[in-house]
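Visitor: Starting off with a structure, shown below.
Rule-based calculations on the coordinates, nothing more; no lab input. Keep in mind that what you see is a predicted model, and the values were worked out from it rather than measured. Cβ coordinates were reconstructed from backbone atoms using ideal geometry, including for glycine residues, and neighbour counts include every protein chain displayed.
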Amino acid sequence: METLKPNRGWSKANTMPKTPSAPSPSDLTFINRQLKQQLKTLTREASHNEQVLKRFHDRELTLLATETLPELLSCLVDGMKSSFDLPYIKLVLNDPDHELRHLLLHSGIEPDSLPDIRFVDQVALFSPKLSRYKSPWLGPFISDDHDQLFPEAALLKSIAILPMLRRSKLVGFIGLGSHDRNRFTRHHASDFLNRLATISAICLENTANREHLVVAGLTDALTGLHNRRYLDRRLEEEVTRALRYQHPLSCLFIDADHFKRINDTHGHGAGDSVLREIALRVKECLRASDIATRFGGEEFALLLPQTDASEACTLAERIRHRIQDKPIAIHGGGTVSVTVSIGVAPMRFEQNANTESVSKTLLDEADRSLYIAKSSGRNRVQLTEEEAE
């Protein structure tokens, strides 16, 4: 609409303001066109905001429904990549006591195998600048400031950094990265993002607490090793994986020799000391992927993924020597020398065999090998007879 200009030829008598004239038809057409365009823009923005709200709502419901730590972490990274169509999601979690990392190991997952997740002892040491954020930060990707969070981000243009706060304490943050420089800007509202980060922090705390309860129910209180119940659960998983990928899997049964004699001579407190020390020395010989359990009494069972019969026997000998070579300090003072017998069995790949039958055969053969080792003089490693031949 053009601006009306004053008439410079007016006389003094005509200096009083005139009533504005009515808009012309062409002006009304132009105004009507503008209003229609504004209405279309508002409708489009409303529809877009409704879709965004739905995506956030669905993601929040999915987070709240997760029950395990691995499931939650996958939901925070892979799920958000899919939901929000983003190429980069990075998660940095404060884990000063390695609590989260230990919980993942209990689930058979190596924390270092999660490329988009960083577990740090202190967020402030990881990035002093990012650790000071108390609300979402949106803006352009700046290499000097953000390379540590997005070390492999090619062509990254804009990012959002969402602090995860729980009871005013920073427990980590989520980094969202986009190739679109207008995806995250300082002019965008961040209410939904802030809510998502808060719910993520709550879910992380709840899931970790739930995992602790699960671990407590699957852990032997005396030795700190997993218990028989945990072995049954993991055995099925490892046998299924070994069958699918044709990877070797071996089982070791370990039994403390003449353990009853220790209890009878030195008391049950001494027996407990021996079991704890055996468990410790066994764990020192294992990889993170190996599974050590207290099978019952003075007997221990180990699952060794991607380990064939020869490698399992080598490990068994290492464990036997480690326990035999140094006396064990016992409750009440003094030491006792302890030896162990170890039965070794590799998993057999039989045609048309199901997971349950293969699992049972593996345990039975390891137990049978242990029986032969003990009846043959103890303090020795015995491979399944068929394999030994």
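Visitor: Relative contact order for the range 228-388 using alpha-carbon pairs under 8 Å, separation at least 6, rounded to a whole percent?
Guide: 29 percent
Visitor: Another one. Compute from the Cα atoms of the range 228-388 the Rg and the Dmax, the latter being the longest Cα-Cα distance, and quote both in angstrom.
Guide: Looking at the range 228-388, its Cα Rg and Dmax stand at 15.9, 55 Å.
Visitor: Take the chain, connect every pair of alpha-carbon atoms lying under 10 Å apart with a spring to form a Gaussian network, then pick out the residue of E350, E211, E237 with the largest mean-square fluctuation.
Guide: Comparing E350, E211, E237 in the GNM, the peak value goes to E350.
Visitor: While we're here: What do the square roots of 5 times the Cα gyration tensor eigenvalues come to for the range 215-296, in whole Å, largest first, as semi-axes of the equivalent ellipsoid?
Guide: Its equivalent ellipsoid spans semi-axes of 29, 13, 11 Å.
Visitor: Angle check, please: helix 191-217 long axis (alpha carbons) against the longest principal axis of the chain (alpha carbons), in degrees 0 to 90, nearest 10.
Guide: 10 degrees
Visitor: Residue farthest toward the positive end of the dipole of the chain, with Cβ of Lys/Arg at +1 and Asp/Glu at -1: which of P346, S200, L218?
Guide: Checked the options; the winner is S200.
Visitor: Give the residue list of trypsin sites (Lys or Arg not before Pro) in the range 297-356 that are DSSP loop and have at most 16 other beta-carbon atoms within 10 angstrom.
Guide: Sparse-neighbourhood loop trypsin sites (Lys or Arg not before Pro): R348.
Visitor: Ignoring the sites themselves, what is the longest stretch of the chain with no chymotrypsin sites (Phe, Trp or Tyr not before Pro) in a DSSP loop and at most 16 other beta-carbon atoms within 10 Å?
Guide: Between the exposed loop sites, the longest stretch runs 134-348.
Visitor: Taking only DSSP H segments of four or more residues, each worth -39500 (n - 2.57), what value at 222 nm results for the chain once the sum is divided by all its residues, to the nearest 500 deg cm²/dmol?
Guide: Result for the chain: -15000 deg cm²/dmol, rounded to the nearest 500.
Visitor: Evaluate the charge dipole of the chain about its Cα centre and quote only its size in Debye, nearest 20, assuming +1 on the Cβ of each Lys and Arg and -1 on the Cβ of each Asp and Glu.
Guide: 2780 debye
Visitor: For the range 118-131, in order, what is each residue's ³J(HN,Hα) by Karplus, 6.51 cos²θ - 1.76 cosθ + 1.60 with θ = phi - 60°, in whole Hz (x at glycine and Pro)?
Guide: With coefficients 6.51, -1.76 and 1.60, one gets 10, 9, 10, 6, 8, 4, 4, 6, 5, 7, x, 5, 5, 5 Hz.
Visitor: Further question on the same structure: Calculate the length of the line joining the C-alpha centroid of the range 264-295 to that of the range 348-389, in whole Å.
Guide: 22 Å
Visitor: State, to one decimal in nm², a quarter of the convex hull surface area for the C-alpha atoms of the range 155-236, i.e. the direction-averaged projected area.
Guide: About 9.0 nm², averaged over all directions.
Visitor: In percent, how large is the relative contact order of the range 50-216, given Cα pairs closer than 8 Å and 6 or more residues apart?
Guide: RCO, the range 50-216: 27 percent.
Visitor: In square nanometres, what is the average projected area of the Cα convex hull of the chain?
Guide: So the mean shadow area of the Cα hull is 32.6 nm².
Visitor: Please list the radius of gyration and Dmax for the range 175-321, considering alpha-carbon atoms only, with Å as the unit.
Guide: Final numbers for Rg and Dmax: 22.9, 77 Å.
Visitor: Taking the Cα atoms of the range 46-159, what is the range of coordinates along each of the three principal axes, in descending order and whole Å?
Guide: In descending order, the Cα extents are 45, 37, 27 Å.
Visitor: Comparing L243, L204, L35, which has the greatest mean-square fluctuation in the GNM of the chain with Cα pairs linked when under 10 Å apart?
Guide: L35
Visitor: While we're on this one: Going Cα to Cα from K90, which lysines come in below 23 Å? Please leave out same-chain ones fewer than 8 positions away.
Guide: Within the straight-line cut-off, K90 pairs with K54, K81, K129, K134, K157, K169.
Visitor: Treating the beta-carbon of each Lys and Arg as +1 and of each Asp and Glu as -1, no other charges, what is the dipole magnitude of the range 228-388 about its Cα centre, to the nearest 20 debye?
Guide: Computed charge dipole of the range 228-388: roughly 460 debye.
Visitor: While we're looking at this one, here's another question. Identify all aspartates and glutamates with a Cα-Cα distance to K374 below 13 Å; exclude those on the same chain that are fewer than 8 residues away in sequence.
Guide: D255, D257, E299
Visitor: I need to check one value: relative contact order of the chain, counting alpha carbon pairs closer than 8 Å and at least 6 residues apart, in percent.
Guide: 12 percent
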